Amino acid sequence: MLEQLYNALFVGSVYALFALGFALVFSVLDILNLAHPTTFMLGAFAAYFAMTAVGLPWYVAGVLAFFVCGAFGIALDRIAFAPLRRRSAPGLSAMISSLAVTLIVVRLIELRYGGDFITFPAGAVPSLVLRIGDAVLEGIRLGIVVLSIVLMLGLTYVVRRTQLGRDLRALAENPRAARILGVDVDRAISATFFVSSALGGLAGVLLAFAYNTLDSRMGLPLELRAFTVMVVGGMGSLPGAVIGAYILGLGEVASLVYLPTELRDAFAFGLLFLVLIVRPTGLLGHRAADRV
Amino acid sequence: MARLKTAFASTFICALLVAACGGTTTPPTGTGVAATSGAPKADIKIGLATSKSGAANFYNPQQSNGALLAVEQINNAGGINGAKLQLIIEDDGSARDQGITAFRKFIEQDKVAAILGPTLSAVAAGAHPVAQQSGVPVIAISNTGLGIVGKCDYGPCDWIFRASLGEQTAVPETVKAATSKLGLKKVVIIYGDGKFELDDLTIFKDAFKANGVTVAKEIAYTAKDVDFAPFVTQAKAEGPDAIVASSLAGPAGKILDEVAKQMPGKRVIGGNGLNSAALLSNANAGLMIVGTAWSRASTDKANTDFISAYKAKFNTEPDQFAAQSHTAMLVLADALKRSGNPTDKAAVKKALEATKDLPTPLGAFSFTADHDVKQPTFVMTAKDGQFTPFQ
Amino acid sequence: MLLETAGLTKRFGGVTAVNAVDLAVDERTTLGLIGPNGAGKTTLINLISGLLTADEGAIRFAGADISREPAHRLAARGIARTFQGVRVFKGLSVLDNVLIGAHTRLRPDVLPRLAPTRGRTDPADALALLERVGLARARAGALAGELPYGDQRRLEIARALASRPRLLILDEPAAGMNPTESLALRSLMRSLVTDGLTIILIEHDVRLVMGACDRVVVLNFGRKIADGSPAEIQRDPVVREAYLGSEDAA
Amino acid sequence: METLLEFFRTYATAIAVIGISALLALSVWLTLYAGQLTLGNAAFMGVGAYVSALLGRHLDTPFPLALLSGALAAAVIAVPLGVTVFRLRGVYLAIATLAFGEIVRVILLATPITGKGQGLNGIPPKTELWHIYLSLAVVAYVLWRVQGSTVGRAWAALREDELASASQGIDVRRFKLASFVIGALIAGWAGGLSAHLTFSIDPSDFGFSKAVQILVFAVVGGIPNVLGPIVGAVVFTALPEILRPLKDYRDIFQGLILLGVIVFLPRGLVTFLDVRRTRKLERIGAADVA
């Protein structure tokens, strides 16, 4: 049972890292960034490129991927979102422009690395395995769980304590007021996208290391999960997203153990549907679902 | 309001024509091998519908290259009684409606003698009936599910042949070999929610029942699952002698890693999904036992020639998809020659049915009464990044 | 007695926004509703217009108990209102705004409109209303959101009048208006009342309230602290201290 | 003449899919026009497809009746869903309808009669081009006329401001439910037509990517009038066929075109017809959809 708990912790951490980036952009800018799975995948390929073409060790490649994805996030905002903001377009258009970017980037990666999944060169990624009794705990996964918790605490600290965090929260509450109060809105938006995409990219790198495989469509399965996580945790609430992620991770593993196989997939969406109806603001959400 | 009416009317008419005017101005041209012009007889056109984009784009370029190599070899050796073969390749985009459009284009515009493909069984379920209705021979080159040849869901499918070893034949062979060599008593099957995986699940269950092996548990994963540790942990609790992966290559790789970690010493039995070059680079590939339609290690002359010719032309190793599309083209060319009149589709069909022990990279190739492929099954495992026979 | 409330109470969490208010409005009169910000004026009319449901007490309109009726049914009964801060349909045309106001009155025209030529809505009444509130017919095609603030307020009144209401509730209609505009508003209100309309006016502009209203009710912290003629209200020490008084002291 | 006939027979399926996409785009447009962002219409399409195909196969129901039953089944399911999600708006409604879509997909995967994940194969291709384009013409015409009616104006009011709409006497619940259910009806009908076009259907045809695709048609086409979704559907369904010569780079150009259109015409292709009005809308920052 300990092992399944550990598995749930790992899956929850991956969902949390991915959902955090997704929730950050949504909470600050009310945008559902459908290009977020692309940053997840891009992180893995950036690390792969750094390790194979440039020959950097895995931890350097991971950090590089973090910054490459951050930069991609800023570029994404400039190309797909800023023009729409300037023309006060409906929020829906931003969802579609990010979808267009996804189509382009995924196809570019496929043309370069092919559609099939590829693996890191042998030995490039450390795989130390700890055996406690018959339970098997893998080093890299433990690292991922620890690192994601550190990142989550870090992000909550930044949002709560720092000036940047105050700017972001002001922007989230009321962009026009924030601008009047002298918040450098453009800098805050760029920072939002940098942090969001960098986190998403890092989650991608970590999952690629854990499984030693990456492919152009690895981000898509996480997108639906991220919706569930954000709603359950509370739209726009970062700690909510983290809690939602671990609830979903535990829920999925528990439903695997206890529920008949067909119902397992229905569990995630049944939970999502229930939360939306009973408590649309989710656990920690402060944004009323039906803003009158 | 008036302006809206005119705009409405004009755009609505254009809506009908846009596909028309769009289509004719840039008619999709195939990348057929430039047949040497001036051939006395008209070219014989063959259509290949394959997924170059969409979810199944990883079948390419191998699936296209295998067929292109065969066409080149056939044309260099005098073509079909002097007439040149021209291969027209269309991307089916891993989508049923695009697959149907590709088939209709081959039949209506290109007036092909026969069609190969499409890549995915779900696309074939829509495309094959189109060829069946128009009476055009089709050779499936990568559909291994149920209902493709013989008894098909959409009624009679006598125009459809299959060169890709069906799971119904490959899986029982694999299960028989694995049960006898490993003395299996109890297994757990982990399966996905796609058409291919569910077909495999049915075939595996019947095969294990026939070999007196109990299937302790069937665990389903979905396309949205990211981590496979929980599934293998769940399987481990049943204490099986081996794990069965009824899945495509991606998930199978993750299952191999988890089994190596959580159940050291246990093997992973799989269907055609595991038969992918990408898996060979997985550190735990040695655990898998899979029934494949093609063995790189086979020493038949037809196979060694194929491998060297493929490497010479594309400077990369061929895989099973290349071998199967290559074989299908060889079988088709042989039938075209024997049919006497390549444009007479019924004659070509009869010639295809008469294919007997044709030497191909897949071994001695014949069609069964149900137009399915009759060829040896190679039960393989992997060693040092290569598929090797499972002893 | 067109409108009557008895012991009307509404609580938000710990705060009692409206505390046991008894109100009586005679037909074809104008009732002024004044009080400092946060006194519960807007909450009171949200209760009356059905946007909120009372925790206690009852509301009777034209003899019927409407305490539990939703907003859209009250509009059909003849209660129309404007909003503090103007809530016109910005993205729709001025004419459409007024036609939507007439929603309860216009015959359902989906079936007739299926024939290409029939079912055209006659904009005559709507255009007449625009003129009555002081908006040019030519602006009918413009987007409501394009109009200057004062005109948007007038459009909102036209929209409310489109349903031919018996009771019109105006929530700070003169906010942001200059003296001449508020004078025009006063004469509009007087002509509407003579045509048979009853008006409840919430307003901070004391001159407008005292000039236009037949009776004035003063709210403070959700309670009714005074109810009488404009003259009585101006002299009433309790009102002066709670509301006008704070102004003198400033 | 021969080549035109050949061309027509080759692209018959592609032209049919364009018509079906336009119908689906209209079904989402209707809900968007009333201010409701839905991702559930792909599931309603699926219900329509499976009900009509199964009725045809097991009960030999004549084609028009099977289509109608499929559409009605989708509408019947939409009523309870519409009532439950009535209070949700914007992104919350999108995610709730998305969750509903996934639940429908899981049920389809689990019930044996639908052929589970292996799909329902061998569906007789009864749909002809005129079925599709007649349906499209009728639905487009009716919605165009309704748009100018009291009902259409009520939906527009809901999109702009639900609270103010209630005060004008509009029964917000009933009108929102009506647009949601009629949208489901149209999507169900389109599902029935689509099922009898490509011989086979499986649950993955009606999942998240289909829901997003339909939404893209309506939004990229434009909300102001009925023409928007039709133009959006025609352009972005014909695009893969038109860009076919670009071979491997087809998807990239499709993405670039989509990006270009949504960035330069954020309120949709159709707003190109009336640039003046769109400029004004932008200045007002009118609340289009949440």
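The numbered conditions (1) touching a strand residue (DSSP E or B) at 6+ places or on another chain (Cβ under 8 Å); (2) open to solvent by 10 Å² or more (accessible area, probe 1.4 Å); (3) closer than 25 Å to B:Met288 by Cβ are all true for B:Gln320 except (2). The residues on offer are A:Leu42, A:Leu34, A:Leu84, A:Leu92, and the sole one that is within 12 Å of another protein chain (Cβ to nearest Cβ), aliphatic (A, V, I, L, M), crowded, with 24+ Cβ neighbours inside 10 Å and not in a strand (DSSP E or B) is A:Leu92.
Listed here are the residues, each with its yes/no results for (1) hydrophobic (A, V, I, L, M, F, W, C); (2) part of a helix (DSSP H, G or I).
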{"residue": "D:Pro124", "(1), (2)": "no, no"}
{"residue": "D:Val146", "(1), (2)": "yes, yes"}
{"residue": "D:Val181", "(1), (2)": "yes, yes"}
{"residue": "D:Ser194", "(1), (2)": "no, yes"}
{"residue": "D:Lys210", "(1), (2)": "no, yes"}
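Remark: pairs (first residue in the stretch A:187-208, closer than 15 Å to A:Asp77 by Cα and open to solvent by 10 Å² or more (accessible area, probe 1.4 Å); second residue part of a helix (DSSP H, G or I) and among the basic types (Lys, Arg); Cβ separation under 9 Å; 6+ apart in sequence or on different chains) = A:Ser190/A:Arg78.
Only a single criterion out of (1) free of Cβ contacts under 8 Å to residues at least 60 places away in the same chain; (2) more than 21 Å from B:Thr304 (Cα to Cα); (3) surrounded by fewer than 15 Cβ atoms within 10 Å (Cβ to Cβ) is not satisfied by B:Ala346, namely (1). Taking the criterion of being within 21 Å of D:Leu281 (Cβ to Cβ) and either open to solvent by 10 Å² or more (accessible area, probe 1.4 Å) or small (Gly, Ala, Ser) (or both), the residues of the stretch D:144-161 that qualify are D:Trp144, D:Gln147, D:Gly148, D:Gly152, D:Arg153, D:Ala154, D:Trp155, D:Ala156, D:Ala157, D:Arg159, D:Glu160, D:Asp161.
Quick check on D:Val231: is it β-branched (Val, Ile, Thr) and away from chain C (no Cβ under 14 Å)? Give the steps one after another, and end with the answer.
Working: β-branched (Val, Ile, Thr): yes; away from chain C (no Cβ under 14 Å): yes.
In short, yes.
Entry remark, the stretch B:100-122: residues being more than 9 Å from every other protein chain (Cβ to nearest Cβ) and touching an Asp or Glu at 6+ places or on another chain (Cβ under 6 Å) number 2 in total. When D:Glu102 is tested against (1) assigned to a helix (DSSP H, G or I); (2) open to solvent by 20 Å² or more (accessible area, probe 1.4 Å); (3) of a type in the set (D, E, K, R), just one condition goes unmet, and that condition is (2).
Conditions tested, residue by residue: (1) more than 13 Å from chain D (Cβ to nearest Cβ); (2) touching a helix residue (DSSP H, G or I) at 6+ places or on another chain (Cβ under 7 Å); (3) over 20 Å from C:Leu188 (Cα atoms).
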| residue | (1), (2), (3) |
| --- | --- |
| C:Leu92 | no, yes, yes |
| C:Gly119 | no, yes, yes |
| C:Pro148 | no, no, no |
| C:Asp151 | yes, no, no |
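If you go through the stretch C:1-23 and keep only what is open to solvent by less than 60 Å² (accessible area, probe 1.4 Å) and basic (Lys, Arg), you end up with just C:Lys10.
Note on the stretch A:116-162: residues that are open to solvent by less than 30 Å² (accessible area, probe 1.4 Å), outside any loop (DSSP other than H, G, I, E, B) and within 10 Å of another protein chain (Cβ to nearest Cβ) amount to 6.
The strands (runs of 3 or more DSSP E) falling completely within the stretch B:328-388 that include 2 or more residues that are under 30 Å from A:Ala122 (Cβ atoms) map to B:378-383.
Scan the stretch C:72-81 for residues that are surrounded by fewer than 24 Cβ atoms within 10 Å (Cβ to Cβ) and not charged (D, E, K, R) and report the count. Give the steps one after another, and end with the answer.
Taking the stretch C:72-81 as the starting set, the residues that turn out to be surrounded by fewer than 24 Cβ atoms within 10 Å (Cβ to Cβ) are C:72-73, C:76-78.
Those left that are additionally not charged (D, E, K, R): C:72, C:76, C:78.
Total meeting the criteria: 3.
Just one of the listed residues (D:Phe236, D:Phe199) is away from chain C (no Cβ under 14 Å), in a helix (DSSP H, G or I) and within 18 Å of B:Asp92 (Cα to Cα), namely D:Phe236. Given the condition assigned to a helix (DSSP H, G or I), open to solvent by less than 20 Å² (accessible area, probe 1.4 Å) and within 9 Å of another protein chain (Cβ to nearest Cβ), answer yes or no: does some residue in the stretch D:130-140 qualify? Looking for residues that are assigned to a helix (DSSP H, G or I), open to solvent by less than 20 Å² (accessible area, probe 1.4 Å) and within 9 Å of another protein chain (Cβ to nearest Cβ), one finds at least one in the stretch D:130-140, hence yes. Of everything listed in (1) within 11 Å of chain B (Cβ to nearest Cβ); (2) within 28 Å of D:Val83 (Cβ to Cβ); (3) basic (Lys, Arg), the single unmet condition for A:Arg279 is (1).
A single member of D:Ile170, D:Ile223 is within 14 Å of chain C (Cβ to nearest Cβ), over 25 Å from D:Arg267 (Cα atoms) and β-branched (Val, Ile, Thr), and it is D:Ile170. Listed by position, the strands (runs of 3 or more DSSP E) enclosed by the stretch B:186-281 that each have at least 1 residues that are within 28 Å of A:Tyr15 (Cβ to Cβ), at pLDDT 90 or above and open to solvent by 10 Å² or more (accessible area, probe 1.4 Å) are B:186-191, B:214-220.
Please state which one of D:Ala71, D:Ala14 is part of a helix (DSSP H, G or I), within 20 Å of D:Leu136 (Cβ to Cβ) and open to solvent by 10 Å² or more (accessible area, probe 1.4 Å). Walk me through it before giving the result.
Values: D:Ala71 fails: open to solvent by 10 Å² or more (accessible area, probe 1.4 Å).
Only one candidate passes the filter, namely D:Ala14.
Restricting attention to the stretch C:126-169, the residues that are of a type in the set (D, E, K, R) and free of Cβ contacts under 8 Å to residues at least 60 places away in the same chain add up to 7.
Can you pull out the residues in the stretch C:24-54 that are part of a helix (DSSP H, G or I) and either closer than 20 Å to C:Arg207 by Cα or open to solvent by 10 Å² or more (accessible area, probe 1.4 Å) (or both)? Quick ask: steps written out before the conclusion?
Initially, the stretch C:24-54 is screened for residues part of a helix (DSSP H, G or I), giving C:41-48.
Correct list: C:Lys41, C:Thr42, C:Thr43, C:Asn46.
Selection of the stretch C:58-73 for residues being in contact with a helix residue (DSSP H, G or I) (Cβ under 7 Å, 6 or more places away or on another chain) and in a strand (DSSP E or B) yields C:Ile59, C:Phe61. Every condition in (1) open to solvent by less than 40 Å² (accessible area, probe 1.4 Å); (2) outside the structural domain of C:Gly63 (by TED's automatic domain parsing); (3) part of a helix (DSSP H, G or I) is met by C:Ser182 except one, and the failing one is (2). Is there a residue in the stretch D:48-71 that is of a type in the set (Lys, Arg) and either closer than 18 Å to D:Phe206 by Cα or away from chain A (no Cβ under 11 Å) (or both)? There is at least one residue in the stretch D:48-71 that is of a type in the set (Lys, Arg) and either closer than 18 Å to D:Phe206 by Cα or away from chain A (no Cβ under 11 Å) (or both). For the stretch A:1-31, the candidate set comprises residues that are closer than 22 Å to A:Ile104 by Cα and open to solvent by less than 10 Å² (accessible area, probe 1.4 Å); within that set, the residue that is farthest from the other protein chains (Cβ to nearest Cβ) is A:Gly21.
Comparison of A:Arg264, A:Arg217, A:Arg225 shows that the only residue that is without any contact (Cβ under 8 Å) to a residue 60 or more places away in the chain, charged (D, E, K, R) and either assigned to a helix (DSSP H, G or I) or facing chain B (nearest Cβ under 10 Å) (or both) is A:Arg264. Taken together, the residues in the stretch A:94-148 that are among the basic types (Lys, Arg) and within 23 Å of D:Phe236 (Cα to Cα) amount to 1.
The values are calculated or read from the model by the stated rules, or taken from the named source; none is laboratory data. What you see is a predicted model, and the numbers here were worked out from it, not measured in a lab. Backbone-built Cβ (ideal geometry, glycine too); neighbour counts: all protein chains shown. Please note that ligands, DNA and RNA were not included when accessible areas were found on the heavy atoms of the full protein model with its side chains. Shrake-Rupley method; radii C 1.70, N 1.55, O 1.52, S 1.80 Å.
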